[in-house]
Amino acid sequence: MGSTASSQQAAPESFPKGMSNSEWRTKLNPEQFRILREKGTEMAGTGKYNKHYPKDGVYTCAGCDSPLYKASTKFDSGCGWPAFFDAIPGAIDRHSDISWGMERIEITCKSCGGHLGHVFKGEGFNNPTNERHCVNSVSINFDKDDAKI
């Protein structure tokens, strides 16, 4: 998880559910703004969805309410952040992030451009994609109703 991605991303207003930074500041609380709009990260083990394992439901973007992950794709990775092995098709974008001196894959909401976290591949987790989408709890909300997808 981390800070700024190296690739140029579109202005927030260019996304289907995008807004200017001043509009985001009125919609989001300071911690949500820091993570979703400034690419921050929450402290490991502190997020409300880290140990949240419902059988059904959908995790949505805390910025724009777009569906991102099905509850059935969430797993316990032990990393201290919510982990998913796959996103809802078309829900996220991937960007190269070299901000920590190594290449990582940043994930953002396709609808609003909000920073979600990073994807890590090939860690040996027993899941269908061999990926771990390491997502900030602050970046998501949970809806027990699967009808959003």
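For this structure, a couple of remarks:
- Exactly one residue out of Ile98, Ile107, Ile92 is closer than 19 Å to Glu38 by Cα, at pLDDT below 95 and among the aliphatic types (A, V, I, L, M), and it is Ile98.
- Residue in the stretch 119-131 that is buried (at least 16 other Cβ atoms within 10 Å of the Cβ), outside any strand (DSSP E or B), touching a residue at least 12 places away in the same chain (Cβ under 8 Å) and within 11 Å of the chain's Cα centre (by Cα) present: no
- Unmet criterion (only one of (1) under 20 Å from Gly40 (Cα atoms); (2) touching a strand residue (DSSP E or B) at 6+ places or on another chain (Cβ under 9 Å); (3) part of a loop (DSSP other than H, G, I, E, B)) for Gly101: (2)
- The one condition in (1) closer than 17 Å to Gly18 by Cβ; (2) surrounded by fewer than 15 Cβ atoms within 10 Å (Cβ to Cβ); (3) among the hydroxyl-bearing types (Ser, Thr, Tyr) that Ser111 fails to fulfil: (2)
- Of all the criteria given as (1) in a strand (DSSP E or B); (2) under 19 Å from Lys17 (Cα atoms), the one not satisfied by Ser96 is (2).
- Selection within the stretch 27-40 - on the phi < 0 side of the Ramachandran plot and either modelled with pLDDT under 95 or of a type outside the set (S, T, N, Q) (or both): Lys27, Leu28, Pro30, Glu31, Phe33, Arg34, Ile35, Leu36, Arg37, Glu38, Gly40
- Inside the stretch 15-52, residues that are touching an Asp or Glu at 6+ places or on another chain (Cβ under 7 Å) and without any contact (Cβ under 8 Å) to a residue 40 or more places away in the chain make up a count of 1.
- Taking the criterion of being among the polar types (S, T, N, Q), within 12 Å of the chain's Cα centre (by Cα) and part of a loop (DSSP other than H, G, I, E, B), the residues of the stretch 30-77 that qualify are Thr41, Ser66.
- Some residue of the stretch 65-80 being touching a residue at least 24 places away in the same chain (Cβ under 8 Å), in contact with a Gly (Cβ under 6 Å, 6 or more places away or on another chain) and surrounded by 19 or more Cβ atoms within 10 Å (Cβ to Cβ): no
The values are calculated or read from the model by the stated rules, or taken from the named source; none is laboratory data. These figures come from a predicted structure and were not determined experimentally. Glycine gets a Cβ as well: all are built from the backbone with ideal geometry, and neighbour counts include every protein chain shown.
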